[in-house]
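Read the figures in this text as sums done on the coordinates, not as results from a lab. Quick caveat: nothing in here was measured; it's all calculated off a predicted structure. Don't worry about glycine lacking a Cβ; one is built from the backbone with ideal geometry, like all the others, and counts go over all protein chains shown.
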Amino acid sequence: MAFDDGRLVIGASQGAGDDHICRGTVHIYKRHCDRWELEARLSAVDGHKFGASVALAGEFLAVGAPGSDLGAGAVFWAAPDDCATAGSGLGHALALDDSGGGPRLIASGLYASFDAQWTGAAFEFVKNSSDQWRFSNDVIMAKEKSRVFGFSIAVEHDVFVAGNLGFNGCPGSAIVYEQREGVWWFKARLYPTNDGESDFGRALAIWQGRIGIGSPDARDNGPESGAAYIFAKDGPWWVLERRLVPPDGQTGDRFGTTVAWRSFVTAIGAPYADGVYRDSGEVYLFSRNDDLHHEQQAILSSSSGEAHAHLGISVGLEPTWVDGAPVETIGCLAGAPHDGFGATGAVHHFEVVLE
């Protein structure tokens, strides 16, 4: 799910296209006052898991189709018949930035192989002088063998961060790169404060020099109850600002599976929390004050949600500033892949009054 400027894009990687074959579909909605209207529905005749990831920034839309675990994978630009392929599983995660210097897209290839090893990699695409998206020849990789580098990614201006999940008892990490003169350089590796958090880095969000990182297998409130971390830039360093743990967290909630950020508000999904029903899911909203304290604002759940709906498997936030002033009410969008009629999936839109 991706949201920007009143437009919502929802991927359904198991959806059936016009030929009734389940290669995946993407649905685009436009907000009109207090309602959402379907604007377009995209499918790809040769895509596999088309819609597994989506990224939206202004007029630019990218759709990932990573295919099977060992498939080539592809990234599709707004028109799904124009695709570029590079590396195995390309399109597992996407990050799109249009904040200055021209739009750029980074796509992870979770099973990309170099030197006969599955390392995982991220590939950068930019627009050329002919206004076409092309691979920039810049491949970003971790320094060690890993099959999970790039499970999640985020980019803002000249900062790129990739989640590198742990395995064999090793903790996960988030690897930060900064771009100078068109080249991405390794800057920092961020770790969880507690041992055993191999899922640290499963979710990422970046906003104005702060990075939010989900760690859904943290054990503060029991196994896989979950936590989230916020790191801030302090001179040349990235330092831990806050570690967030819900006071009512329970075993198996997996708080931190998803993270979204807008200015001073953070949304964190706990899709396996027992909300109204078992595993119906919840979303937590936090706001940051001038003292850098992150206060819990709300816990969102759906009164109409079903058991195992997993609300919060994806999250998004509307702008927190309008005409230069902070808003009093913020909109939060949360995906629930097994909600709705026949458990076909739904996206819930919440309006929350900020204190």
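Odds and ends about this structure:
- Distance cut-off 24 Å, percentage of C-alpha pairs in segment 112-260 lying past it: 34 percent
- Mean Cα-pair separation over length for segment 115-264, i.e. relative contact order, pairs under 8 Å, 6 or more apart, %: 15 percent
- Residue exposure proxy: SER173, SER198, ordered by other Cβ atoms within 10 angstrom of their Cβ from fewest to most, comes out as SER198, SER173.
- Residues LEU240, LEU105, LEU317, ranked from the fewest to the most other C-beta atoms within 10 Å, line up as LEU240, LEU317, LEU105.
- Within the shell defined by Cβ-Cβ distances under 13 Å, the residues around HIS348 carry a net charge of -4, with Lys and Arg each +1 and Asp and Glu each -1.
- Here ILE299, ILE213 are placed in order of increasing Cβ neighbour count within 10 Å, fewest first, which gives ILE299, ILE213.
- Packing around the peptides 150-163, 121-134, 222-235, 256-269, taken as the average count of other Cβ atoms within 10 Å per residue, puts them in this order, highest first: 256-269, 150-163, 222-235, 121-134.
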